[in-house]
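Peer 1: Just dropping this structure here.
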Amino acid sequence: MALRLLASRAASQLRLAVFPRGFATVINELKYTDSHEWVKVEGNSATIGITDHAQDHLGDVVYVELPEEGATVTQGSAFGAVESVKATSDVNSPVSGKVTQVNSELNNSPALINASPYENGWIIKVEMSNAGELKSLMDAGQYTKFCEEEDAKH
């Protein structure tokens, strides 16, 4: 119990949301898609990855298909894939724009997606072409509810 309290205090100091729904973590400052990608927006730059919920359902990630820097991505369309011991899953872009950086660390260490989906396991960074697209994404509360409803169906 003391460990859980300590973790909650640490999370609140870091301004992270800790939801007591199994294992998956949802972070307040991010936006989410119904295909389980997250986006962190800083100015016109968007960092994109897959959620803790998604990596938990996929299992151990063994390979990540990355786009080329300079490639164009479109909101809702696949730009790469994540392969795990259980399945291969497309990764869709939450926003449209141009890929400015790919996380090449994932070539050697695809398990970063499992170990650190929101920090070291990011997949691409995009220069957004239409910030208005962010309005169609879910916030942390909406995404948490979405995951709970989806899990209840399975």
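Peer 1: For ASN114, only one of the following conditions fails: (1) in a strand (DSSP E or B); (2) closer than 11 Å to THR51 by Cα. What is its number?
Peer 2: (1)
Peer 1: Looking only at residues in the range 106-138 that are of a type in the set (D, E, K, R) and surrounded by 14 or more Cβ atoms within 10 Å (Cβ to Cβ), which one is farthest from VAL82 (Cα to Cα)?
Peer 2: Step one: list which residues in the range 106-138 are of a type in the set (D, E, K, R), which gives 119, 125, 127, 133, 135.
Right, trim to surrounded by 14 or more Cβ atoms within 10 Å (Cβ to Cβ) and you get 125, 127, 133.
Values: LYS125: 16, GLU127: 22, GLU133: 24 Å.
The selected residue is GLU133.
Peer 1: Output the number of the condition that ASN103 fails; it satisfies all remaining conditions of (1) crowded, with 16+ Cβ neighbours inside 10 Å; (2) within 16 Å of GLU42 (Cα to Cα); (3) out of contact with any strand residue (DSSP E or B) (no Cβ under 6 Å at 6 or more places or on another chain).
Peer 2: Condition not satisfied by ASN103: (2).
Peer 1: Here are GLY121, GLY59: which of them is touching a helix residue (DSSP H, G or I) at 6+ places or on another chain (Cβ under 6 Å) and small (Gly, Ala, Ser)?
Peer 2: Details: GLY59 fails: touching a helix residue (DSSP H, G or I) at 6+ places or on another chain (Cβ under 6 Å).
Being touching a helix residue (DSSP H, G or I) at 6+ places or on another chain (Cβ under 6 Å) and small (Gly, Ala, Ser) holds for just one of GLY121, GLY59, which is GLY121.
Conditions (1) closer than 19 Å to ASN92 by Cα; (2) at pLDDT 95 or above; (3) assigned to a helix (DSSP H, G or I); (4) touching a Pro at 6+ places or on another chain (Cβ under 6 Å), marked per residue:
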| position | (1), (2), (3), (4) |
| --- | --- |
| PRO110 | yes, yes, no, no |
| VAL126 | yes, yes, no, no |
| GLY132 | yes, yes, yes, no |
| GLU150 | yes, no, yes, no |
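The values are calculated or read from the model by the stated rules, or taken from the named source; none is laboratory data. All of these numbers come straight from a predicted model, not from anything done at the bench. Heads up, the Cβs are rebuilt from the backbone with ideal geometry, glycines too, and the neighbour counts pull from every protein chain shown.
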